[in-house]
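Have a look at the structure below, then the notes.
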Amino acid sequence: MWDVRLPPDTLRLPSGPALSYLELQESAFSMTPRNGRIVIVHECLPWAITIMAGMTPFGTSTVITVSHLLHTIHNELHRQIFESDFWNDAVGEGDRARIYDAWAKRCALLADVSVGEEQGLEREAKRRQIASEGVKRVDFLGDRTLFYGLKRRSTAGGEVWEMRLRHVGS
């Protein structure tokens, strides 16, 4: 499982260990995605995440590695949102409260991971620094941040996959 609020190197297999370097360089898919491109969606996100196969020393690749997949998901989810993403007719008061709560929890979690829970003033300063970066896309997920895989949704017109997430604590 991997909490998408944290960097991909925190991913742990159910048996406990982290993925090895070689495992991270393996293809993330049993079949090569059409055009070396996939789109990832989730019902809580108004954005899609597009992942393109990377470059190799030998030219363009059609393979999306596990490492590339995880890092792209993380980078896209940790983009700061625009004011219009938060204040619009599609996002109600209840949604904004859930997003704000997720933002506060993410700031506290990242401060704990960065500094440690016992560091008092230093931890609070780190939390404030993280909070000053504002709401990010990952906060729209609320407490559903435990990544456990992807499920193919469609291939008509391209590869579309649904990001599978569990609630923190379940």
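The values are calculated or read from the model by the stated rules, or taken from the named source; none is laboratory data. All values derive from a computational prediction rather than experimental measurement. Here the Cβ is made from the backbone with ideal geometry for all residues, glycine too, and neighbour counts use every protein chain on show. Surface accessibility is based on the protein's heavy atoms, side chains included, excluding ligands, DNA and RNA. Shrake-Rupley method; radii C 1.70, N 1.55, O 1.52, S 1.80 Å.
Observations, loosely collected:
- Among the residues of segment 96-136, those identified as among the charged types (D, E, K, R) and more than 17 Å from residue 168 (Cβ to Cβ) are 96, 118, 122, 123, 124, 126, 127, 128, 133.
- Residue satisfying all of: in segment 78-108; within 17 Å of residue 4 (Cα to Cα) and either over 20 Å from the mean Cα position of the chain (by Cα) or small (Gly, Ala, Ser) (or both); surrounded by the most Cβ atoms within 10 Å (Cβ to Cβ) among these: 102
- Residue in segment 51-64 that is modelled with the highest pLDDT, counting only those that are open to solvent by 30 Å² or more (accessible area, probe 1.4 Å) and touching a helix residue (DSSP H, G or I) at 6+ places or on another chain (Cβ under 8 Å): 52
- Any hit, segment 116-135, residues being under 29 Å from residue 39 (Cβ atoms), without any contact (Cβ under 8 Å) to a residue 40 or more places away in the chain and open to solvent by 80 Å² or more (accessible area, probe 1.4 Å): no
- Scanning segment 65-77 for residues that are touching a Phe, Trp or Tyr at 6+ places or on another chain (Cβ under 8 Å) and open to solvent by 30 Å² or more (accessible area, probe 1.4 Å) gives a single hit, 76.
- Residue check for residue 117: acidic (Asp, Glu) and at pLDDT 90 or above: no
- Taking first residues from segment 141-170 that are within 19 Å of residue 13 (Cβ to Cβ) and modelled with pLDDT under 90 and partners that are among the hydroxyl-bearing types (Ser, Thr, Tyr) and open to solvent by less than 50 Å² (accessible area, probe 1.4 Å), the Cβ contacts under 7 Å between residues at least 6 apart in sequence or on separate chains come to 168/145.
- Selection status of residue 139, out of contact with any Pro (no Cβ under 8 Å at 6 or more places or on another chain), open to solvent by 60 Å² or more (accessible area, probe 1.4 Å) and not hydrophobic (A, V, I, L, M, F, W, C): no
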